[in-house]
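The block underneath contains the structure these notes are about, expressed in structure tokens.
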Amino acid sequence: MKLIIFAFAAITSMLFACSSSYKTISTSNNAAYNAPAPIKTTFTTQYPTAANVVWAPYDVTTVPIDWELIGWPALTSNDYMVTYNVGPDRFYSWYDANGNWIGSTYALQNNSILPSAVMNTVNAQFGGYTIDKVDKEMWKNQTAYELKMSQGDTKLKVLIDQNGNVLKQKTKSM
């Protein structure tokens, strides 16, 4: 009998050890993870047409943009991130624990919709670079574009505001 109990305990332990671990996040309709009501109210006011809304605690490893390049304030796991769709675009937004909006971003699927002032700056200052990815970033009455570009083994990240001004840039040689 002791052998059967020992075998059962061993098998149960192995099953738990082999199971996957998941970070629990959920849609706003699921109680598994919910942001406080005031933050949700701010969000719904900003993005009334948002669909497929998923709230999560802020996690630095899941940020799709270069936080340092933008210069947004540091957040902790007490703050909030929400992902959602507006039309065909997948957005990310961040709110601090007090419910203040930090900023939002989404990847542009088509570089031809960049403002002409941004394209003029790219052509004038970064000729020869290929645009690999563009994220549109919005915060506190500011809109800018984070461009990831490359030229051979050189990678470049540039933050350009909607008027074509280079706000910051980082270069990485491979």
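Rounded to 0.05, the FRET efficiency of the T171 and T130 pair, given R0 = 22 Å and the Cβ-Cβ distance, is 0.90.
In this structure, the pairs whose alpha-carbon distance is over 19 Å, taken from K133/K172; K148/K168; K140/K168; K40/K133; K136/K168, are K40/K133.
Calculated from the alpha-carbon coordinates, the stretch 105-167 shows an Rg and a Dmax of 11.0, 36 Å respectively.
As a size descriptor, the averaged projected area of the C-alpha convex hull of the stretch 55-156 was calculated at 7.4 nm². Within the stretch 136-172, name every residue whose backbone N is under 20 Å away from a label modeled 7 Å from Cα of A117 along the Cβ vector. Counting backbone N atoms under 20 Å from the label point, the list is 136-148, 158-169. For a paramagnetic label modelled on Y33 (point 7 Å from Cα along Cα→Cβ), amide N atoms under 12 Å away belong, within the stretch 49-90, to 54-63, 77-83.
Take the Cα of T143, step 7 Å toward its Cβ, do the same at N163, and the gap between the two points is 1.5 nm.
Laboratory data are not the source of any read-out in this text; all were calculated from the coordinates shown. The structure presented is a predicted model; accordingly, all values stated were derived computationally and were not measured. Counting neighbours? That spans all protein chains shown, and the Cβs are built from the backbone with ideal geometry, glycine included.
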